[in-house]
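Please read the structure below before turning to the comments.
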Amino acid sequence: MTTKEAAQRAEKLRVLINKYRYHRLVLDAPIIEESVEDSLKKELFDLEQQFPKIVTPDSPTQRVAGKPLDKFEKFTHPGRMLSFNDVFNKDDLNDWIDRVKRLDSRAIDSGFFCELKIDGLAIELIYKNGSLAVGATRGDGFIGENVTQNLKTVEAIPLKLNSREEFLKEMGEKGLALSLSKEPALSLSKEPALSLSKEPALSLSKEPALSLSKGLPEEIIVRGEVFLSKKEFERMNAEQKKAGEATYKNPRNLAAGSIRQLDPKLTASRKLDSYAYSLLTNFGQETHEEEHLILKALGFKTNPNNKYCRTIDEVGGFRDYWEKHREKLSYEIDGTVVIINDNKMSKKLGIIGKAPRAIVAYKFSPRESTTKLNDIIVSVGRTGTLTPVAVLEPVEIGGTTISRATLHNEDEIKRLGVKIGDTVVVGRAGDVIPDIKKVLKELRTGKEKEFHFPKKCPACEGAIVREEGYAAHKCVNENCPARKREYMYHFVSKGAMNIDGVGPKIIDQLVDAGLIRDVTDLYKLKKEDLMNLERFADKSAENTIGAIQSHKTVTLDRFVFSLGIPHVGIETAVDLARQFGTIEKIAGAEAGELNSIKDIGDVTAEEIYKWFKKPYSKKLLEKFKKAGVKVLAQSKSQKSQKLKGLSFIFTGSLDTITREDAEKLVRENGGDALSSISKETSYVVAGHEPGSKFDKAKKLGVKIISEGEFLRMVK
Ligand SMILES: [Zn+2]
């Protein structure tokens, strides 16, 4: 990239970031996820680092926050309210450590204090003679808004501080707890001066000037955060929706909107919460950790999850732990704040730009990020469905590197208006396949290429159709190599024929070597065939052949599922097996007959009927027979009706039975084995380390039973 190109890119980024910032910060109505803004800011920051000449005074990297709206009285902060620089990964964090150590080699000797970075609103509170005098928002860091009346409605903010006596009593207990938790015996022998100074109760009583003999300081300045719980956020948004009004994008904006209500009654109706995290007044505190203890002793709510970390590894561990467990919290967090614990050191390190050198926000990987879309390819699924897939410049989201994202179908490509070469917003929630959320058309250069959905199957060049009412295009060629390959993956998978040891990798090898053309060829394989393949040795070849041959006998339901009929999952396969008993009878059934089975709808019945009528399918079934695959007939009636009308969900690992077999037991006894929980679910059977279904069951009030209790029910 030349300097000129960098300057052009930077200017486009600035315009876009500023637009987003204006909507989010000044108008309180964001038009995009904040992580997207962060992602663009990071790109701009890196670009400006690389080309320092292109930095302009109006760059978003040179600013802390916007000017306050003219709604409230302005309030000049006694000291500037700084913001923190962000770090996004371990490398960034280590760079920060290197920088501060270059300024003072002992910078991190007394460790770090780590806090959760809550998605809330920063505030400053000034107490005069123990009573709340002023509460203000940050504003631009120098001047905020006086929102005292509104902050007074927040119960977590004390209107009156603890008395000197109460304070000292609290500090005495906390001081002791602190020194105990830090293993004083150990630290004493190593650094006696430091460990003594870390006991605030002790140091307070030793310094008469600060000993508060005449009471607490006249003026006490505290900073903290106001925020909303996730629950309150959802409740408020539900109300907004009901009233036909716009919903809030995130809890921070709702908290900000609530604090900026001109009528304090409205603020009070929203259950805001608050944590204090910084004490500006001198109480003799020497570490940031002590500040928190003092704040708590004064009567402020402090976050109990904050933690002292001795080493940078512990800092990383703290952040990684909370990235994984953030769902457990009742409020949203988007990272952690890492603070050099030694206050004198913090002061010495000073300020860089608009942020203290001694503090960084160690953010979580965003759930959405921007990246470049390099190409669009079309993959062909087992049933012939064509799925356009975005090939991306690799980007980290939620701790995973993403290089592909689904574009779902042609309609979605049109809706997004995406072109090859675009900068896109890619998102990923939980274990769901990542997809493209938005195209940042403002960043186009004019070199982007239009994508044309293929008119033929990319794998076999066969015709593709788009059935009425469906968004997807399908390859209708039964012999399409891509479809066949996907079908083979399905055939050997756990839920289908369950041929362990034979997965997609081995299937690929076998197909590429021309050893199998369809799944029935698997049964013809000989040990010698495999020996010529890479990664196969005598023993492994024998095992693979053994696995294939030992799964030649199969229950009817498994076999039906393994056929890969569109819309036929394991539940439907079980229904079919129960109803018809043999594969011949299923194959001969009329659509009406199929449709008459409970739980099988029109579309599925039609698909099943059509599938068995196809010459391809008839030939395939014939081949299975020839290969010696034996499908066990299933007696029409179930073993019992003990569980009739009851539904079960299994979570966690079971001791004496596999989950598949347990689910089979449920079905054999006339019950339903479900995969997702609802209020109507009869029982959740919880094994070891149950998953989210367990928590959900508790929430929904669904009865939870043990494996033993379940087995007694079917005995
Ligand atoms: Zn095809």
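Please treat every number below as a calculation from the coordinates, not as lab data. Note that the structure is predicted; figures quoted are calculated from it, not measured. Heads up, the Cβs are rebuilt from the backbone with ideal geometry, glycines too, and the neighbour counts pull from every protein chain shown.
In table form, for the structure just shown:
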read-out	value
Cα gyration tensor shape for the chain, rounded if a/c is under 1.5, else prolate or oblate	prolate
Among 523, 553, 510 the positive-end extreme of the charge dipole of region 473-554 (Cβ point charges)	553
Partners for residue 301 among lysines (Cα-Cα distance below 18 Å; same-chain residues under 8 apart left out)	117, 152, 160, 169, 174, 271
Assigned charges on the beta-carbon of Lys, Arg, Asp, Glu; region 655-706 dipole about Cα centre (debye)	340
Dipole of the chain, positive direction: furthest Cα of 631, 110, 6, with charges on the beta-carbon	631
Highest to lowest packing among 220-229, 145-154, 598-607, 300-309, scored as the average C-beta count within 10 Å	220-229, 145-154, 300-309, 598-607
Derived scalar couplings ³J(HN,Hα) [region 146-154; Karplus, 6.51 cos²θ - 1.76 cosθ + 1.60; whole Hz; x for Gly, Pro]	7, 10, 3, 4, 6, 5, 4, 6, 8
Out-of-range pairs (alpha-carbon distance over 19 Å; input 372/441; 437/474; 494/552)	437/474
Contour minus Cα-Cα distance for residue 105 and residue 675 (0.36 nm per residue)	199.6 nm
Charge-dipole axis of the chain as Lys and Arg at +1 and Asp and Glu at -1 on Cβ define it, positive-most pick from 132, 694, 364	694
Geometric extent, Cα atoms of region 368-465 - Rg, Dmax (angstrom)	13.6, 40
The chain - charge dipole about Cα centre, Lys and Arg +1 at Cβ, Asp and Glu -1, debye rounded to 20	880
Amide hydrogen neighbours beyond the local backbone of residue 383, cut-off 5 Å, H modeled	none
Least to most buried among 160, 693 (fewest other Cβ within 10 Å first)	160, 693
Inter-probe distance in nm under a simple model that places probes 7 Å from Cα toward Cβ, at residue 389 and residue 656	4.4
Cysteines, the chain, no other Cys beta-carbon under 4.7 Å	114, 309
Helical mean residue ellipticity (222 nm; -39500 (n - 2.57) per DSSP H run of 4+; nearest 500) of the chain	-11500 deg cm²/dmol
The chain, relative contact order [Cα under 8 Å, separation at least 6], %	9
Neighbour-limited loop hits for GluC sites (Glu not before Pro), region 413-508 (at most 10 other Cβ within 10 Å; DSSP other than H, G, I, E, B)	450, 467, 468
Between region 538-575 and region 253-307, the Cα center-to-center distance that results, in Å	60
Fewest-first sequence of 538, 521 by Cβ atoms within 10 Å of each Cβ	538, 521
FRET efficiency estimate (nearest 0.05) - Cβ-Cβ, residue 517 to residue 618, R0 25 angstrom	0.90
Phi to ³J(HN,Hα) by Karplus 6.51 cos²θ - 1.76 cosθ + 1.60 over region 521-531, Hz, x for Gly, Pro	5, 4, 6, 8, 4, 10, 3, 4, 4, 6, 4
Electrostatic dipole magnitude of region 440-505 [Cβ: Lys, Arg +1; Asp, Glu -1; Cα centre; debye, to 20]	220
Long-range amide H partners of residue 438 with built H, under 5 Å	425
Vicinal HN-Hα couplings computed from phi for region 128-143 (Karplus, 6.51 cos²θ - 1.76 cosθ + 1.60; Hz; Gly/Pro x)	10, 6, x, 10, 5, 9, 9, x, 9, 7, 6, x, 8, x, 9, 10
Burial ordering of 553, 137, fewest other beta-carbon atoms within 10 Å first	553, 137
Under 5 Å, built H, 5+ apart or other chain: amide partners of residue 85	361
Peptide ranges 683-689, 120-126 listed from the most packed, as the mean C-beta count within 10 angstrom indicates	120-126, 683-689
Region 481-632: C-alpha gyration tensor shape, a/c 1.5 cut-off, then a/b vs b/c	prolate
